Ligand code: HEM
């Protein structure tokens with residue numbers, strides 16, 4: 001009697017097959033998107049400590065650094081999340097291109113917002129903006145003086161994150177770059193959060209308009225929250 005071939009020798013594992021199926025790819029993009037939205041929300045709340053004063057923002061930044069190796073685990077996890085989000089978005093895009101009949105290529109996508117049509121472009125520019133942001137405030141190579149800004153906190157010498165942010169945003173072109181970069185992030189989130197509800201099957205025709213309104217409002221709220229920081233520095237509210 002001929003026995004059935006064992007699964008390990010009969011091809012890729014079912015999870016792998018699912019991951020590269022259309023729904024698998026969409027799920028990875030949606031779940032990684034949720035992680036990134038949570039990060040952007042948490043980062044804004046942390047940055048808001050700037051309004052409580054110098055010691056609060058420096059305490060918050062110092063607290064993050066004191067996580068030590070755990071901070072690197074979080075950083076690697078976030079890097080993998082960003083990588084998966086981009087990689088699977090590209091795979092989906094290729095799949096859509098291949099499935100698209102040639103005669104529609106030049107057609108105008110009626111009924112889709114400008115936010116929806118520019119997802120890949122806004123995503124790539126947002127990536128460029130985040131790389132600049134990391135060079136600016138994390139690696140501190142845009143202005144090397146940031147590397148030597150120290151201050152005292154509870155009797156210890158710590159990095160003066162507050163002074164770095166205030167000095168950074170006192171530069172008008174840099175602040176404008178942030179305000180524009182953050183606008184593209186807002187555009188990307190505005191459509192992205194709505195579509196992840198759709199991908200995960202958490203919406204239907206009836207509630208979809210409400211979900212779209214709420215997600216757009218949330219993206220604008222994040223935008224206003226973030227740009228309030230460079231604007232507060234430029235107007236002297238934070239100094
Ligand atoms: C006005 C807007 C923003 C301000 C004032 C700000 C502030 C900061 C500061 C001060 C740091 C360095 C913390 C430290 O090392 O002590 C930082 C790191 C970082 N920021 Fe922002 N940020 C802003 C917007 C954003 C946005 C929109 C994103 C993502 C979409 C982002 C992602 C990150 C990441 C990934 C890090 C590196 C965290 C780490 O690994 O240490 N930031 N930010």
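Quick note: the coordinates plus some simple rules give every number you see, no bench work behind them. Here the structure is a predicted model, which means the values were calculated and not measured. Cβ sites come from the backbone with ideal geometry, for glycine too, and all protein chains shown count toward neighbours.
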Longest principal axis of the chain (C-alpha) makes with the long axis of helix 22-47 (C-alpha) an angle, in degrees to the nearest 10, of 10 degrees
Tell me the Rg and the Dmax, in Å, that the Cα atoms of the chain produce.
22.0, 84
So how tilted is helix 208-234 from the main axis of the chain? Cα-based, degrees 0 to 90, rounded to 10.
30 degrees
Quick one: grab the alpha carbon gyration tensor of region 120-188, order the square roots of its eigenvalues as a ≥ b ≥ c, and give me rounded if a/c is under 1.5, else prolate or oblate depending on whether a/b is larger than b/c.
prolate
Over what distance in Å are the Cα centres of region 161-239 and region 31-78 separated?
16 Å
Share of Cα-Cα pairs in region 4-100 lying beyond 15 Å, as whole percent:
73 percent
Would you compute, from DSSP H runs of 4+ residues alone, the mean residue ellipticity of the chain at 222 nm, taking -39500 (n - 2.57) per run and dividing by the full residue count, rounded to the nearest 500?
-22500 deg cm²/dmol
So for region 24-79, using the alpha carbon gyration tensor with a ≥ b ≥ c as root eigenvalues (a/c under 1.5 gives rounded; past that, a/b versus b/c decides prolate or oblate), I'd call it oblate
Compute the long axis of helix 161-170 from its Cα atoms, compare it with the longest principal axis of the Cα atoms of the chain, and write down the angle in degrees, 0 to 90, nearest 10.
90 degrees
Give me 208, 191 ranked fewest to most by other Cβ atoms within 10 Å of their Cβ, as a rough exposure proxy.
208, 191
Taking R0 as 22 Å, what FRET efficiency do you get between residue 93 and residue 214 from their Cβ-Cβ distance, rounded to the nearest 0.05?
0.25
Extending each Cα 7 Å along its Cβ direction at residue 86 and residue 40, get the distance between those two points in nm, one decimal.
1.6 nm
Evaluate the relative contact order of the chain (contact order divided by residue number), counting alpha-carbon pairs under 8 angstrom at least 6 apart; express in whole percent.
25 percent
Sort 70, 164 so that the residue with the fewest other Cβ atoms within 10 Å of its own Cβ comes first and the one with the most comes last.
70, 164
